[in-house]
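What follows is a single structure, written as structure tokens, with notes after it.
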Amino acid sequence: MRSSSNPAFRNLPHGGTATYGQYGPPVGFNQTQGGVPGYGPGQVTSGEGDRPMTVDDVVIKTGLSLGTALLLGVITAIWAQTQLAETGRLSGALLGAMLGGLVVGLVISLVMIFRQKPSGALTLTYSAAEGVFLGALSGVFEVVYPGIALQAIIGTAGVFIGMLVVYKTGAVKVTPKLTKWIVGAIFGVVILMLVNLVSALIFGFNPLRDGGPLAIVFSLVCIGIAAFSFLLDFDQADRMIREGMPSKWAWYAAFGLMTTLVWLYLEILRLLSYLRE
């Protein structure tokens, strides 16, 4: 299985044969694969009682996760706008909701990534936390730039659907070379973000996030990398299905897709704010 640019999908347990993953496990497959004993196409020999995951499993789990984030995001955004209208400033409750959602989401994502095990409860909790964080942030942006949150949501949905079409039609093939390129690009972006953060905190110099031409270019680059990361996420979920991993792993696929969606939405929201200015 190729390694994904998404840390949630990297180093997952999997089958290691070269022919495995070409439309299903080899004939007679009943060994331990994916860290789960006895999962072959349509059969369970370990007695664990879980069927192989399907595309519908991934769609449903991702839909539940996204729906949770959207519902709490909308509620929090409306509340944030009300708070700002009443106080005219960022209240402690609003800052607490924003920071709390960010920290909880970060902690859960690290737990999921390092545990490398699926969990519906953690995935939905992560989605809820990110919904609160993004909702509070979007509410603040909405007060300054009316209509920006809806534009960011539409933009995120458009990129997601577009990359899904690109993947399904095979317009861009997911190859080891493409995977290495995207992983390298993500590491480069992370390093630049850290350097920019240190520069902003120590020297007050924030070129990548100050809304200038360089910041616009940087956000466009991040959006492009996040978009291509979807291709690797789709491919990874597809391979998990082909390798007959248990249906509960659909929660892990949903979690991986949610992390990319959150990053993409943030970058589009930033870019739109730069362009509004």
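Points to keep in mind about this one:
- Of the residues Ala200, Ala128, Ala185, Ala136, the single one that is more than 17 Å from Leu257 (Cβ to Cβ) and in contact with a Ser or Thr (Cβ under 7 Å, 6 or more places away or on another chain) is Ala136.
- Selection count where residues are modelled with pLDDT of 90 or more, open to solvent by 30 Å² or more (accessible area, probe 1.4 Å) and in contact with a strand residue (DSSP E or B) (Cβ under 7 Å, 6 or more places away or on another chain), scope segment 40-96: 0
- So Val217, is it part of a helix (DSSP H, G or I), out of contact with any helix residue (DSSP H, G or I) (no Cβ under 8 Å at 6 or more places or on another chain) and more than 25 Å from Val111 (Cα to Cα): yes
- Of Gly155, Gly184, Gly131, all but one fail to be free of Cβ contacts under 8 Å to residues at least 12 places away in the same chain and assigned to a helix (DSSP H, G or I); the exception is Gly184.
- Among (1) within 23 Å of Leu261 (Cβ to Cβ); (2) assigned to a loop (DSSP other than H, G, I, E, B); (3) at pLDDT 90 or above, the one test that Arg209 misses: (3)
- Annotation note: Cβ proximity below 6 Å between a residue of segment 202-226 that is closer than 12 Å to Leu275 by Cα and a residue that is open to solvent by 70 Å² or more (accessible area, probe 1.4 Å) (sequence gap 6+ or interchain) occurs for Gly211/Glu277; Ser219/Arg270.
- Some residue of segment 216-226 being open to solvent by less than 60 Å² (accessible area, probe 1.4 Å) and within 25 Å of Pro118 (Cβ to Cβ): yes
- Residue pairs meeting the criteria (Cβ under 6 Å; at least 6 apart or on separate chains; first assigned to a helix (DSSP H, G or I), in segment 79-96; second of a type in the set (Ser, Thr, Tyr)): Gln83/Ser91
- When residues in segment 97-106 are screened for being open to solvent by less than 70 Å² (accessible area, probe 1.4 Å) and out of contact with any helix residue (DSSP H, G or I) (no Cβ under 6 Å at 6 or more places or on another chain), 1 of them pass.
- Test: residue in segment 167-177 that is over 26 Å from Leu150 (Cα atoms) and buried (at least 17 other Cβ atoms within 10 Å of the Cβ): yes
- Comparison of Ile241, Ile191 shows that the only residue that is over 17 Å from the mean Cα position of the chain (by Cα), of a type outside the set (Lys, Arg) and loosely packed, with under 15 Cβ neighbours inside 10 Å is Ile191.
The values are calculated or read from the model by the stated rules, or taken from the named source; none is laboratory data. This structure is a prediction, so every number in the text was calculated from the model and none was measured. Glycine gets a Cβ as well: all are built from the backbone with ideal geometry, and neighbour counts include every protein chain shown. Side chains included, ligands, DNA and RNA excluded: accessible areas come from the protein's heavy atoms. Shrake-Rupley method; radii C 1.70, N 1.55, O 1.52, S 1.80 Å.
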